[in-house]
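Have a look at the structure below before the remarks.
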């Protein structure tokens, strides 16, 4: 479900029109989150740490309206729910794109995610079974404690989906931390909205 934004009344109209003219309208921010409690809880519950933080990142993003805006042609739409499209590694070292529906029921989200991961790992296709704008592109680089990140982008292909990447978990001053990179279309969201996402994400990791 989605609704069209009335651009004439939208408080971001000028921002949208300005940044939409850019060859590269995306900007990115990298920050660290504390995953000490989240990692411990994932171990205690025998849950994949990747799925544990992916669920919380997607839940946090859905709570920030600006992460649910998408551009279609010259119009902007607000989706009711945003889903996940994470890259999934295969045993042979390649990867494929996946599509995982968001569900408030955490156990059901894990079940659906595991089924999709198994499907991608058994396939040879790069593209997800479903493609759409109602997603956030997720990726994990558990081998690298990165401090910044840039994405491969085709400027001729319309794209307004945020991109969130997770780095290697490291121990700092007795805490376990992880880098998180967030890229978004500047016509749809600003640094303050990424800040809201990161704050909500950290709260969910600490619960």
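Table for the structure above
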| read-out | value |
| --- | --- |
| Crossing angle, helix 49-62 versus the chain [Cα axis fit, 0-90 degrees, rounded to tens] | 20 |
| Choice from 159, 190, 11 showing the highest fluctuation, given a GNM over the chain with Cα pairs closer than 10 Å | 11 |
| Those residues of region 134-161 whose amide nitrogen sits under 14 Å from the label point placed on residue 48, 7 Å along Cα→Cβ | 138-142 |
| Estimated inter-spin distance, residue 175 and residue 37, nm [label 7 Å along Cα→Cβ] | 1.2 |
| Region 99-154-region 1-70 distance, computed between alpha-carbon centres (Å) | 14 |
| Cα→Cβ-extended label distance, 7 Å offset, between residue 30 and residue 7, nm | 3.5 |
| Highest to lowest packing among 146-156, 101-111, 62-72, scored as the average C-beta count within 10 Å | 62-72, 101-111, 146-156 |
| GNM result for the chain, Cα springs below 10 Å: residue of 169, 178, 89 fluctuating most strongly | 89 |
| DSSP bridge pairs, the chain: antiparallel proportion in percent, nearest 5 | 80 |
| Degrees, to the nearest 10: 191-206 long Cα axis against longest axis of the chain | 20 |
| Calculated diffusion of region 1-69, Stokes-Einstein form, Kirkwood radius summed over Cα pairs, 25 °C and 0.890 mPa s, µm²/s | 158 |
| Label-to-label distance, nm, for residues given as residue 118 and residue 14 (7 Å Cα→Cβ offset) | 5.4 |
| Region 100-207 - share of DSSP beta bridges that are antiparallel (%, nearest 5) | 65 |
| 0 to 90° range, to nearest 10: angle between helix 106-121 axis and the chain longest Cα axis | 90 |
| Hydrodynamic radius of the chain per Kirkwood, over alpha carbon pairs, in Å | 17.8 |
| Region 1-121: Rg to Rh, with Rh as the Kirkwood radius over Cα pairs | 1.04 |
| Among 42, 160, 123: highest mean-square fluctuation, GNM of the chain, C-alpha pairs under 10 Å | 123 |
| Helix-only [θ]222 nm of the chain, DSSP H runs n ≥ 4, -39500 (n - 2.57) each, per residue, nearest 500 | -9500 deg cm²/dmol |
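None of the figures in this text is laboratory data; all of them are computed from the coordinates on show. Fair warning: this is a prediction, and the values are worked out from it, not measured in the lab. Every residue, glycine among them, receives a Cβ derived from its backbone with ideal geometry; neighbour counts consider all protein chains shown.
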